[in-house]
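Notes to accompany the following structure.
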Amino acid sequence: MISKIITFSAVFSLLLLISCDKKESTNPVKTADPGLTTSSTALVVLKGGDGKAVIGGGSEPYSVTSVSNVSVVNAQMSTRELRVTGLAEGVSTVKVIDSSSPAKSVTVNVTVTKSYTTGTVGAVSFSSNRGNYSVSGIGEYASTPPTSGQGAIAMQDYESLYILAYKVNTPTNLDLMLIGFTSGTSDYTGTFYYPATGKVVYVSYYPNTNPTDTTFLSTGYLLNGNATAVMESISSTAMKGTFSGAGYYFSDNTLNTSVGITMTNGAYNVPIVRTGLMADRSIQKNVSRMVKKIMGRTVQF
């Protein structure tokens with residue numbers, strides 16, 4: 001069953017927080033133009049949303065010299081970061097030049113869409129002492145919560161990779177799951193752990209939550225006792241693997257160690273949307289406090 005669209009500012013906030021803490025990539029990819037490099041030659045952003053790519057090479061400062069469709073995209077440079085904002089659905093190219101003479105350049109293609117989706121079914125499931133979870137459907141990620149259906153999708157930029165899975169019980173009650181992966185390199189194969197350094201996984205589960213409540217992500221379960229996720233396979237379009245672990249219930253940013261959860265037989269097989277790095281977003285304070293306090297890590301803003 002094709003899902004409805006999901007996304008709202010709190011989900012954006014938590015997805016940003018479980019992303020890698022780096023501000024800029026130290027390994028932008030080379031493009032066909034030998035002059036400058038860019039962390040992404042193609043960005044996909046939501047209408048009303050934003051994204052960024054990191055420019056390298058040549059001589060700073062860099063500047064935006066042309067935008068092919070100014071009604072679709074607004075683009076600005078901030079030191080090494082090309083920041084784009086989606087104004088309307090459509091496509092545009094953004095050309096960046098450096099300050100050398102003659103100027104070196106690089107072009108980034110930008111697509112503005114109403115939602116992130118691949119049109120491909122994704123699946124996430126697990127068993128637990130707090131109930132079982134199973135989702136299968138085409139996941140979409142946009143500006144309004146769904147009213148029916150279920151789906152799962154992964155989103156990847158050059159710094160982070162995360163899975164969003166959801167099942168709508170009623171328009172004001174859904175079961176939501178987020179799995180975030182961080183890696184010190186571009187290699188996302190192998191085993192991820194929490195707690196850990198290097199390859200880290202963050203698993204959170206929010207049953208029976210009301211998506212119209214802006215504070216809903218302050219209540220749920222986190223696998224912060226221990227967590228393991230195996231990336232069995234990953235390509236440019238899909239990822240597959242397993243996960244398990246133990247953690248606790250939290251409410252109002254307070255961990256309740258008397259209410260534990262143990263997940264077993266966790267599995268994911270989801271399509272990937274490559275978005276380009278999400279730019280700075282408004283971080284809801286209750287979510288940031290929860291992540292800092294319960295997951296025990298420093299989050300950069």
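In this structure, the residue pairs whose Cα-Cα separation is over 24 Å, taken from K167/K240; K47/K104; K52/K240; K104/K199, are K47/K104; K52/K240; K104/K199. Protection proxy ranking of 232-238, 182-188, 87-93, by the mean of other Cβ atoms within 10 Å over each peptide's residues and highest first, is 87-93, 182-188, 232-238.
Estimated at 0.36 nm per residue, the fully extended path between S71 and S134 surpasses their Cα-Cα distance by 18.5 nm.
Listed by Cβ neighbour count within 10 Å, with the fewest neighbours leading, M177, M77 appear as M77, M177.
Quick note: the coordinates plus some simple rules give every number you see, no bench work behind them. Treat the numbers as computed from the prediction; the structure is a model and nothing was measured. Cβ atoms come from the backbone with ideal geometry, glycine included; neighbour counts cover every protein chain shown.
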